[in-house]
Amino acid sequence: MTTTRDNHLQGRVSVITGASSGIGAASARALAAEGAHVVLAARNAEKLNELVNSIRDAGGTATARITDVTRPDDVEGLIEFASQEFGPVDHLVNNAGLMLFSQWADRAVDDWNKMIDTNIRGYLNAISAVLPTMIARQSGHILNMSSVAGIRVGGASGVYSATKFFIRGITDSLRQEVGTEHGIQVSMISPGVIDTGWADKVTNDEGKQIAQNLNEGAIHPDRVAEAVVFALNQPADLTVNDIVVHPTRQKW
């Protein structure tokens, strides 16, 4: 016996940060394939345009805006742009992030600050930008991309893990407040090691080696995109709070 699931994504307006590559790009393709109107945000204009064109060529609906999530005005402009293009934002996929490994003794303060600015302030800026309209409409869905590093701290990932523990904290607080009081669905996905090219961005020599070793068993971003579709494709009276997706052979 087969069952056909309802599609709660058709015609919905989905804003995705960090959408030019990796999990963000895979999620954009997957949501567009389900009929969502996707609005892609990132800093790389060339990659954004390529992704928009590929989604449109596949029959989907997409547009993009160059956005630096660390700048509140930029993110406010993104949400205004999405509303002008397609209507009020139904989904925020908070995905833009940096994972830069280093040992504490290296005192990689610049890397620490980059992660704090993107992984913490970037998420808060996006949440602040979508909340007024979602509260006014008494509907909407905020999905925060966290990490298994927000469950357990691994080697050379102290500050990165701390940013992901922060995301876990704000997600549960949002669920308890805007979820119960205003009907806004709040979800979190915690991926394990995903092959997004993140290890190549680590500049610290020792941290890069740890990252590359960890990345050997990584799985494809499409696996996480499937979880994004599942979490967002739910009726308004149901919220999927927390999904962990990681390689079978990853120990943590």
| Helix-derived [θ] at 222 nm for the chain: sum -39500 (n - 2.57) over DSSP H runs of at least 4, divide by residue count, nearest 500? | -13000 deg cm²/dmol
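How much net charge surrounds Asn241 when only other residues with a Cβ under 11 Å from its Cβ are counted (Lys, Arg +1; Asp, Glu -1)? The partial results should precede the final answer.
On the way: positive: Arg168, Arg175; negative: Asp172, Asp242.
Summing Lys/Arg as +1 and Asp/Glu as -1 gives 0.
What is the extension gain from Thr63 to Gln234, computed as 0.36 nm multiplied by their sequence separation minus the C-alpha to C-alpha distance, in nm to one decimal?
Residue separation times 0.36 nm, minus the Cα-Cα distance, leaves 59.2 nm.
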| message | For a Förster distance of 41 Å, can you work out the FRET efficiency between the beta-carbons of Asp6 and Glu46, rounded to the nearest 0.05? | response | 0.65
| task | Can you check what the net charge comes to around Leu174, using other residues whose Cβ is under 12 Å from the Cβ of Leu174 (Lys, Arg +1; Asp, Glu -1)? | result | -1
| query | In what order do Leu131, Leu9 fall by count of nearby beta-carbon atoms within 10 Å, going from fewest to most? | reply | Leu131, Leu9
| task | Identify all aspartates and glutamates with a Cα-Cα distance to Lys114 below 14 Å; exclude those on the same chain that are fewer than 8 residues away in sequence. | result | Asp68
| Over the chain, what relative contact order in percent results from Cα pairs under 8 Å that are six or more residues apart? | 20
| said: At 0.36 nm per residue, and after removing the present C-alpha to C-alpha distance, how many nm does the segment from Glu76 to Thr133 gain when stretched out fully? | reply: 19.3 nm
| Where Lys and Arg each count +1 and Asp and Glu each count -1, what net charge lies around Ala231 among other residues with Cβ under 14 Å from its Cβ? | 0
| query | Want the number for Gln103 to Lys251: 0.36 nm per residue separation, take away the alpha-carbon distance, what's left? | reply | 51.2 nm
| Label-point separation, Arg56 to Ser173 (7 Å along Cα→Cβ), nm | 4.0
| task | Let me know the charge dipole size of the chain about its Cα centre in debye, to the nearest 20, where only the beta-carbon of Lys, Arg (+1) and Asp, Glu (-1) is charged. | result | 380
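Each value in this text was obtained by applying a stated rule to the coordinates, not by laboratory testing. It should be emphasised that the depicted structure is a prediction, and the values quoted were computed from it without experimental measurement. Cβ coordinates were reconstructed from backbone atoms using ideal geometry, including for glycine residues, and neighbour counts include every protein chain displayed.
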